[in-house]
Amino acid sequence: MSLYLRLISVSIRSQMQYRFSFVVDTLGSAFATLLEFLTLAAVFSRFGSIGGWTLGEVAFLYGLVEIGFATMDIVFSGFDPGYFSQQIRRGTFDQFLLRPVSLVLQMFSSEFILRRVGRIAQGAAVFAISLALAHIAWTPGKLLYLPIVLVSVVAFFGGLFVIGATSCFWTVESLEVINVFTYGGSAMLAYPMHIYGDWLRRFFTFVVPGALLIYYPALYFLDKPDPIGLPRFVSFLAPLAGFGVLAVAFAFWQVGVRKYTSTGT
């Protein structure tokens, strides 16, 4: 951890060399996601609710997703399939293999996109608005479970990034299908899952368990019944789903590293 923090501090200092560019990029990232939420708010001003959920309740989902995904996008930047595929194509991944430092540690510290903090701030602002609108009855259990859910969301999307990066060992180029589950998945999870078709809902609950990270915990926080009728304990499976996906992803990563034969460049 000490080495990781030292490497990250070097990355942060290098990004802060151009402070104006950093500020513009950070504000641009926050503004882009803010426009998405304003569009959502405009829909609610016309229809009042979505699937029986008010603006404050959907904002709760939106804020959770944005904070978790943006945090993951900072921490797991080195495993971003788009970034990692460049390392494979250029042959620079071989340099990581030659260094006497943990390969996973090197990948975590190879890229640290600090400007994503703007998206975290925007997600936190929406989440704060949701708390004012949704009137959640907080209990000690809910207060303890909330940070666990957020960390589990980071682990879940981070695992998808690792799976996408590992696929580059065979494809060289990053697979666009991974973006369906990462960026597309984060957009989909910002809405109540029961508004989607049965097959899509089941897929993102039992195959790629994104719903277990956002929707079902939100039912617990908001004291809402599950319209699908799954048992109540499903709302507490976020850690199992998030860290389970991450564990599978790193097992797949080990297979990919062992099969890697270099590009010859």
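Read-outs: derived from the displayed coordinates by stated rules, not from any lab. Because the structure is a prediction, the values reported are computed rather than measured. All Cβ positions, glycine included, derive from the backbone under ideal geometry; neighbour counts span all protein chains shown.
Could you sort 149-160, 111-122 so that the peptide with the highest average Cβ count within 10 Å comes first and the rest follow in order?
So the peptides 149-160, 111-122, ranked by packing, come out 149-160, 111-122.
Taking the Cα centroid of region 45-77 and of region 231-265, what is the distance between the two, rounded to the nearest whole Å?
That distance is 24 Å.
Give the residue from Ala125, Gly63, Ile88 lying farthest towards the positive end of the charge dipole for region 45-136; charges sit on Cβ (+1 for Lys and Arg, -1 for Asp and Glu) and the dipole is referred to the Cα centre.
Of Ala125, Gly63, Ile88, it is Ile88.
Roughly what would the spin-label model give for Leu3 and Val255, points 7 Å off Cα along C-beta, in nm?
Those two pseudo-labels are separated by 2.7 nm.
Picking from Leu213, Phe250, Thr54, whose Cα lies most toward the positive end of the charge dipole for region 19-259 (charges on Cβ: Lys, Arg +1; Asp, Glu -1)?
Towards the positive end, the residue furthest out is Phe250.
Rank Ala187, Ser77, Leu175 by how far each Cα sits towards the positive end of the charge dipole of the chain (+1 on Lys, Arg Cβ; -1 on Asp, Glu Cβ) and give me just the farthest.
Going by the charge dipole, the pick is Ser77.
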